[in-house]
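Taking it in order: structure first as structure tokens, then the write-up.
What follows draws every value from the coordinates through simple rules; no lab data is involved. No experiment lies behind these values; they were computed from the predicted model shown. Backbone-built Cβ (ideal geometry, glycine too); neighbour counts: all protein chains shown.
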């Protein structure tokens, strides 16, 4: 390519677009059928049905300590499949690129996506690229869709029972705090790094040991508080959390203390929260802690009979308060 920046012609469907695909995109995402770019590809699965999900990523800034928008696009979609017990089998990649974007930046994003997909064990098998006028998007937006093979049957919300343990695999708020600090140029609050990571390996290691996991979710936008409120929303049970049991990241705590934020509402991109049968809770912890992404796993609460439909936090001082769902937007553009 003769230019080091994206121009509108790169989205025209003609020679420039094909040059961009051939010289930049396919270098990172090799075609499934070399020499033939088809409109759809087959994804092999052992089951007669697959799980399908899609997500779009508009994070600002697009690069931050611990990752970038490309890492986020892969992990966000892979993790939505993983928490449903599905092994990711294939991803699509839709790029919406602003005219004038530096090709060097695009290369970094695509290289990160390719490496993260390799780590997650999933190919990026198809995609689409559009180029829009300056100002129409913030540099680059990415959509990824994913197909997953259901490997482990998940019991679901109806199976959650009082006495079940609430477990999380590590500290809260690392992604949201890192992105916000990078956006605002905040420094001196410790080594903030996003937790963006693919969770399938961790989840598969747990579920293949036949641990009785009733339900699991990845607490992204809205944080853990919002996810747990989704758990109790049907009004069958409540959840009691123990503030002293939470694994913590000192840098996130310093950031949240400085800005008056609650880590319960700050986004995560490498965390999974689950309800586990009490009889299997300690075994689940042992399995999780043997994995790099679960070494700080902890039981942080219990499913309760009452108050029905409520999440209650027992504080370090011994008080109790309701934890409600996030209202509005605490940290915009974190994914």
Over all alpha-carbon pairs of the stretch 157-322, lay out the pair-distance distribution in 5 Å bins, whole %, shortest bin first.
-> 2, 9, 18, 22, 20, 15, 9, 4, 1, 0
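Using a 10 Å cut-off around each Cβ, can you sort 96, 167 from fewest to most neighbouring Cβ atoms? Provide the component values of the computation, followed by the final result.
Working: 96 19, 167 24.
Placing the least packed residue first, the sequence is 96, 167.
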What are the radius of gyration and Dmax of the stretch 159-251, computed over its Cα atoms and given in Å?
-> 15.6, 45
By how many degrees, 0 to 90 and rounded to 10, does the Cα axis of helix 223-232 deviate from the longest principal axis of the chain?
-> 60 degrees
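Nearest 500 deg cm²/dmol is fine: what mean residue ellipticity at 222 nm does the chain get from its DSSP H runs of n ≥ 4 alone, each adding -39,500 (n - 2.57), divided by its residue count?
Working: 8 runs with 86 residues, N = 335.
Computed mean residue ellipticity for the chain: -7500 deg cm²/dmol.
Treat the count of other C-beta atoms within 10 Å as a stand-in for reagent exposure and order 299, 334 from fewest to most.
Values: 299 17, 334 26.
Least to most surrounded, the residues fall as 299, 334.
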Helix 250-259 versus the longest principal axis of the chain: what is the Cα-based angle in degrees, 0 to 90, to the nearest 10?
-> 90 degrees
Report the residue, chosen from 292, 150, 171, that carries the largest GNM mean-square fluctuation when the chain is represented by alpha-carbon nodes joined by springs under 10 Å.
-> 292
Using a Gaussian network model of the chain with C-alpha springs under 10 Å, which one of 155, 120, 225 is most mobile by mean-square fluctuation?
-> 155
In Å, the C-alpha Rg and Dmax of the chain are 21.0, 67
Most fluctuating of 222, 170, 14 in the GNM of the chain (C-alpha, under 10 Å) is 14
Could you give the Stokes-Einstein D for the stretch 95-244 in µm² per second, using the C-alpha Kirkwood radius, 10 °C, 1.306 mPa s?
-> 83 µm²/s
Taking Cα pairs closer than 8 Å and at least 6 residues apart, the relative contact order of the chain in percent is 22 percent
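Just need the Rg to Rh number for the stretch 8-150, please, alpha carbons only, Kirkwood Rh.
0.96
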May I ask for the percentage of alpha-carbon pairs in the stretch 200-245 that lie more than 15 Å from each other?
-> 60 percent
Pairing the Cα long axis of helix 174-184 with the longest principal axis of the chain, what angle in degrees results, from 0 to 90 and rounded to the nearest 10?
-> 50 degrees
